[in-house]
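In what follows, a single structure is set out as structure tokens and then discussed.
Every read-out reported here was derived from the displayed coordinates using simple, explicitly stated rules and does not represent laboratory data. Quick caveat, the model's predicted, so the values are computed rather than measured. All Cβ positions, glycine included, derive from the backbone under ideal geometry; neighbour counts span all protein chains shown.
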Amino acid sequence: MSTIRNLSLFADLAVGNLPANILAAARALAIHLARSRPLDRRLVAEVMTTAFGASDAEGGWTWRDAYDAIEAATVLQIRRLAPQIARLEDAPAEIAALLAAVSALGLTHSRRSEEQVALDQFSTPPQLAALAVLAAQVRPEDRVLEPSAGTGLLAVVAEACGASLTLNELAPTRAALLDGLFAKATRRRHDGRHLPDLLKDAGSFDVVVCNPPFSDLQAHLIASLKVLADGGRMAAIVPLTALTDTDLRRVLESQGVMVAAVAFPARAFAKHGTSVETGLLVMDRGGTAVWDGLLHQPEDLEATARILASLPDRGSARPRVRLTLDAAAFLAPRDRGLALPAGRLAFLAGATPLAYEARPWAGEGRDVGLYQAHALARIVLPDPRPHPSPLVESGPMASVAPPAPTYRPVLPPAVLNQGRISDAQTETVIYAGEAHAAFLPGRFRLGEAPHEVALVRDDQSDAFAFRRGFFLGDGTGCGKGRQIAAIVADNMSQGRVRAVWLSRNDALLEDARRDWGAIGGGAHDIVPLSSWKQGDGVRLDRGILFTTYATLRQPARGVRPSRLDQVVAWLGEDFDGVIAFDEAHAMANAAGGGKGARGTKKASLQGMAGLALQNRLPNARILYVSATGATTAENLAYAARLGLWGGPEAPFMSRADFLDAMDRGGVAAMELVARELKALGLYVARSLSFEGVEYEPLVHPLTTDDIAIWDQWADAFQLIHANLAEALKATGLSDDAGKPKSAMAASAVHSAFEGAKLRFFGHLLAGLKAPSLIASIRDDLASERSAVVQIVSTNEAVMERRLSSIPPEEWNNLTIDLTPREYVLDYLREAFPVHLVEAIEDGDGNVTMVPVMDDGRPALSQEALARREALIEQMAFLPAVPGVLGAVLDAFGTDAVAEITGRSRRVVVRDGRRVVERRGASAARAETDAFMSARKRVLIFSDAGGTGRSYHADLSAGNRQRRVHYLVEPGWRADAAIQGLGRSHRTHQASAPLFRPVTTDIQGEKRFTSTIARRLDSLGALTRGERRTAGAGLFRAEDNLESPWARRALLVFYGALTFGELDSMTLETFVAKTSLKLLDDDGGLKPSDDLPPIHI
């Protein structure tokens, strides 16, 4: 037998990614099927290429994968038609014709894979599936087994008829597809011939419907009969020759009795890739013989349906329920535009006002560490529903009494009567409505830019008032998405039937739909803005428009208006519904003005777009939602509707006054802001109780080799810095004395060096921790715990640069270095100054550095070039440490580790070779599902996986083991770090996690934790009214090296160093190692404001 070689430029897709990508393609194709659009090869190829990130020619997918995607899309379309298909016994011919029409929209299968040949796989056409289910008389609550389920085309028809499914499939890819398509069904992965011995509930099934492999037909049919309960029925699709095989029938009748043998119409399987003529074998387990002895051979589907509908009753059949037929199911296809489904927002019918009583404030709750137990402060609900997990507030916030509310939300029956939201979440809906019922004092008009407004006289003709906003600042895991949904539902129940839901990225659309569905809404109620091209009108008369901040900021293009204009045009200038800014911290620095390392920060495009949307729709009900609303005061500029500045009665005349007060008042002033907002009824900020959460740092003690590596690289950067100073002279950026000719140009060069240095040592620290981390994870796995690893760096940029320099045909056997050392080499190659420049001074004394040209090309400094090449040679021979992500993947393998990062491809080890593996758009979802279902017990995620996802020990998940959350890299963003910690500690969990910050005994590591500890102080103050709460106990006060006390200590250290009072180091050694200058031109210690800070 000849061997077929894989000629792909890439490694085989991981099994875990292939089904996820097929499902992503299926969901896209299902939209076209829902519009009755035939699927041609071009359309299918485009969808597959998008889902897999590569074409079939590039090896990203095969046409066999495409056929599976079409079948999965057909399953989704059949499920959409379930109300009609449920009438199968009442209108069998019509339902069979309907499913034949659905099947006709797909492609004819013209290619088969080796797996298909080996397992004898031919999927069942939907119309034949309906005939099998009809013959088996499947009715609601019947227990139905499909022993060779394939892609589920047989099973979905049984599901539509009300069956409780058990699905078995041996092929790994198809089994994984079933996991995604039939999440509620019981699923197994056994050889169908052995099910009587392997299924615990064998012998209890009412029905078996199957299309077994024809190669060992007898064994599969006997197994199917054996798993039936007495009176159960098997309806099996078999080759036509089997229906006339007396020997086979004699063997089968030892296990059951014949009921019918019916041939299918000619070429029934032609569209699915075979011309074998087939039929249906129907047998009962037990009972008396009822077969008429005939092989019925009807001419068409209608005649076949009539024969099967007249079969004798199944012994275990339940009473038949007659349903009425919705004739609309058989009408012509709907227009392809995104018109409203008839049932959009139907769950709002019967909405009624919520009855509750306001009561006096009862005071503070019981202490829980830094927190106090949360309780409804001013509300008594008629039907109390405690939150699934205990909630707490910071002590200072709990000491503030909110105002007594008067607003009565109008909520649908599912929310009022079925407990879809808890008491705490109901409190949010009430206070949000209370805030939205009033307007901020003063009248305004738009400024020169859309994100700016100016206070004007009340009688000015173009003046308008802003409706007051509300801020939901609950911590991660408190159900903020469900609270957004409830607030939107309240407003829609009162006639405001349009809303906008903004979030951080497109992947969070599914989270929004999940939360909307949790209160009774339909997934089709939320439609992404990306469904319409920029410039097109939004064709949606009611519902929720979902978009991202990145989409909202897209500017006008030619004659096409901006996305912001598109949204405003849909809403209308007088819009008074809800605009929910989920993950609102994505609009940080909306107005600019913050102090950065190189001057004043510019306003962010996302923040300006968010402000512009608020300004253009002054009557809109604005809802800000974020667990980490702002890490600094200037990042709160997007929350203009809280009335903190700019109005005649606002506590601050302008945003600049607000920032100045926060700067002078420090963290204490920020704490007061949060408490004042709660006292006004504009802010709530609860957190999950940390009772049960344990903290146990994992310290990696440096080995002798670790110390040697660290010292060598510290010396190397000292050498680079020294050469950098000489290169600046050689290129003309500095004069012979080392003084920069242009401060801005020199600052840019030094900034690139410092950035490379910080990134490198951050990666090096993480890599050094890997051995202890891996050993601890092994202990967790042995102790029945699951590990969650939080990182920042993925090394993706270095990997992409290395791959771009290697021919793709070599990607199946790589020998490249992807360690953090590459950051240093990349810096030297790309950012080390080697181009000659000269200083040009204008009439005002401004100096501009201009490159020296040689025959139209920038000239190079030979001295600087020689220094760079010598450094590259020296650095290349220094020891390297693998990155922590690669180390974990190599240690446990991709089959055991779920990776949730933004990488579209990665280098992995397969069969002893390093190969490139593509990761499709659905990889993150597939990996999350694998971890939550316990197929993988180690999960590692970066910032890309730190928002909107849940990795906790969910009571409804298959993996309910306790989580051990390793914080390997806190990064530089306090909000991202805390969002990450919230992934493993959420509501409705079997156990609270064990948090383990991973550190080393290198004192310099405090440099990395210092910045985040400082920002956590501000974050806790602004979002919880208590500076110590944001870090959840992970960082201590002494970890903040940027506090006023730390700054004073640093100044004392500089003085002692200058005056020779330290035995451990001299001033000369310090300057040589750090290149920092502490003395002025006269040899004295610089003024304190000019001395280098800790974060230089």
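From Cα pairs below 8 angstrom and at least 6 apart in sequence, can you work out the relative contact order of the range 90-318, rounded to a whole percent?
Once normalised by length, the contact order is 22 percent.
Which whole-angstrom value gives the distance between the alpha carbon centres of the range 533-561 and the range 686-730?
Rounded to whole Å, the Cα centres lie 45 Å apart.
Only loop residues by DSSP count here, and only those with at most 12 other Cβ atoms within 10 Å; note down the chymotrypsin sites (Phe, Trp or Tyr not before Pro) in the range 172-256 that meet that.
none
Along Cα→Cβ, 7 Å out, is where each label goes; now give me the distance between the ones at Arg542 and Ala373 in nm to one decimal.
Each label point is offset 7 Å from its Cα along the Cβ direction, giving 4.3 nm.
Lys/Arg Cβ at +1, Asp/Glu Cβ at -1, dipole of the chain taken about the Cα centre: which of Gly522, Leu354, Tyr827 is farthest positive-ward?
Leu354
Can you give the angle from 0 to 90° between the axis of helix 605-616 and the longest principal axis of the chain, with both taken from C-alpha atoms, to the nearest 10?
Once rounded, the angle reads 80 degrees.
Work from the charge dipole of the range 1044-1090 (Cβ charges, +1 for Lys and Arg, -1 for Asp and Glu, about the Cα centre) and give the residue of Trp1045, Thr1069, Leu1079 farthest towards its positive end.
Result: Trp1045.
Give the longest segment of the chain that steers clear of trypsin sites (Lys or Arg not before Pro) in DSSP loops with at most 10 neighbouring Cβ atoms within 10 Å, not counting the sites themselves.
599-1096
Give a quick list of GluC sites (Glu not before Pro) in the range 509-613 that DSSP marks as loop, anything other than H, G, I, E or B, with at most 12 other Cβ atoms within 10 Å.
Filter output for the range 509-613: Glu573.
Please state, rounded to one decimal and in Å, the Kirkwood hydrodynamic radius that the chain gives when every pair of distinct Cα atoms enters the mean of 1/r.
33.2
Taking only the Cα atoms of the range 698-1001, how large is their convex hull per residue, in Å³?
Hull volume over Cα atoms, normalised by residue count, gives 174 Å³.
Just to confirm the number: angle between the C-alpha axis of helix 17-34 and the first principal axis of the chain, 0 to 90 degrees, nearest 10?
On a 0 to 90 degree scale, this one is about 70.
Considering only DSSP beta bridges whose two residues both sit in the chain, what percent are antiparallel, to the nearest 5?
About 45 percent, rounded to the nearest 5.
Mind listing the phi-derived Karplus ³J(HN,Hα) values for the range 752-760, rounded to whole Hz, using 6.51, -1.76 and 1.60 with θ = phi - 60°, and x for any glycine or proline?
For the range 752-760, the Karplus curve yields 4, 5, 5, x, 5, 5, 5, 4, 5 Hz.
Taking amide H positions as placed in the peptide plane 1.01 Å from N, state which residues far from Leu411 in sequence (5 or more) or on other chains have amide H under 5 Å from it.
Under 5 Å from the amide H of Leu411 lie the amide H atoms of Thr352, Leu354, each far enough along the sequence or on another chain.
Grab the Cα-Cα distance for Leu955 and Val1071, subtract it from 0.36 nm times how many residues apart they are, and report the gain in nm with one decimal.
36.0 nm
What percent do you get for the relative contact order of the chain when only Cα pairs under 8 Å and 6+ apart count?
Normalised by residue count, the contact order of the chain is 10 percent.
Given H placed on each backbone N at 1.01 Å, which residues far from Ala859 in sequence or on other chains put an amide H within less than 5 Å of it?
Leu836, Val852, Met853, Asp854
Quote the FRET efficiency, to the nearest 0.05, computed for Leu719 versus Arg408 with a Förster distance R0 of 60 Å and r equal to the Cβ-Cβ distance.
The formula returns an efficiency of 0.25 here.
Note the full-extension length gain between Lys200 and Gln418 as 0.36 nm times their separation in residues minus their Cα-Cα distance, in nm to one decimal.
75.0 nm
If you take every DSSP beta bridge whose two residues both sit in the range 698-1001, what share of them, in percent to the nearest 5, is antiparallel?
DSSP beta bridges in the range 698-1001 are roughly 45 percent antiparallel.
In vacuo Debye scattering of the range 44-92, one point per C-alpha: log10 I(q)/I(0) at q = 0.14, 0.15, 0.17, 0.31 Å⁻¹?
Ignoring solvent entirely, the Cα scatterers give -0.48, -0.51, -0.58, -1.07.
For a Förster distance of 25 Å, can you work out the FRET efficiency between the beta-carbons of Val380 and Glu691, rounded to the nearest 0.05?
Once rounded, the FRET efficiency stands at 0.45.
For the range 1044-1090, with only Lys/Arg (+1) and Asp/Glu (-1) charged at the beta-carbon, what is the dipole magnitude about the Cα centre, in debye rounded to 20?
For this selection, approximately 260 debye.
Suppose every K and R has +1 on its Cβ and every D and E has -1 on its Cβ; what is the size of the dipole of the range 698-1001 about the Cα centre, in Debye to the nearest 20?
Here the size comes out at about 1760 debye.
Mind listing P(r) for the range 193-238? All alpha-carbon pairs, 5 Å bins, whole percents.
Whole-percent P(r) values from 0 Å outward: 6, 26, 33, 24, 10, 2.
Apply the Kirkwood formula to the range 405-478: the hydrodynamic radius equals the inverse of the mean of 1/r over all pairs of different alpha-carbon atoms; give it in Å with one decimal.
15.2
DSSP beta bridges in the range 90-318, what fraction antiparallel, as a percent rounded to 5?
Among the beta bridges of the range 90-318, antiparallel pairing accounts for roughly 45 percent.
How much FRET efficiency would the formula 1/(1 + (r/R0)^6) give for Ser36 and Val909, where r is the Cβ-Cβ distance and R0 is 45 Å, rounded to 0.05?
With R0 = 45 Å, the Cβ-Cβ based efficiency is 0.45.
Any chance you could run the full-extension gain for Gln494 through Ser461? It's 0.36 nm times the residue separation minus the Cα-Cα distance, nm to one decimal.
8.8 nm
Just the Kirkwood number for the range 1044-1090, please: inverse of mean 1/r across all distinct Cα pairs, in Å, one decimal.
Taking the inverse mean of 1/r over all distinct Cα pairs, the range 1044-1090 comes out at 11.2 Å.
For the chain, with the dipole built from +1 on Lys and Arg beta-carbon atoms and -1 on Asp and Glu ones, taken about the Cα centre, which of Val968, Met283, Ala489 lies farthest toward the positive end?
After comparing all options, I get Met283.
Tell me the angle of helix 217-226 to the major Cα principal axis of the chain, expressed in degrees between 0 and 90 and rounded to the nearest ten.
Its long axis makes an angle of about 90 degrees.
log10 I(q)/I(0), Debye, Cα-only the range 90-318, no solvent, q = 0.11, 0.18 Å⁻¹?
One equal scatterer on each Cα of the range 90-318 leads to -0.48, -1.48.
From the phi angles alone, apply the Karplus equation (6.51, -1.76, 1.60; θ = phi - 60°) to the range 377-393 and give each ³J(HN,Hα) in whole Hz, x where the residue is Gly or Pro.
Residue by residue, the range 377-393 yields 7, 10, 10, 10, 8, x, 10, x, 9, x, 5, x, 10, x, 10, 9, 10 Hz.
Under a straight-distance cross-link criterion of Cα-Cα below 21 Å, which lysines are reachable from Lys184, leaving out those fewer than 8 residues away in the same chain?
Lys200, Lys936
Of the listed pairs Lys729/Lys769; Lys602/Lys1073; Lys480/Lys602, which have alpha-carbon separations greater than 32 Å here?
Cα-Cα > 32 Å for Lys729/Lys769; Lys602/Lys1073; rest within.
Using the Cα centre as the reference, give the magnitude of the dipole from point charges on the C-beta atoms of the chain (Lys, Arg: +1; Asp, Glu: -1; all else neutral), rounded to the nearest 20 debye.
2460
Taking loop as defined by DSSP and a crowding limit of 14 other beta carbons within 10 Å, which chymotrypsin sites (Phe, Trp or Tyr not before Pro) in the range 804-906 fit?
Phe877
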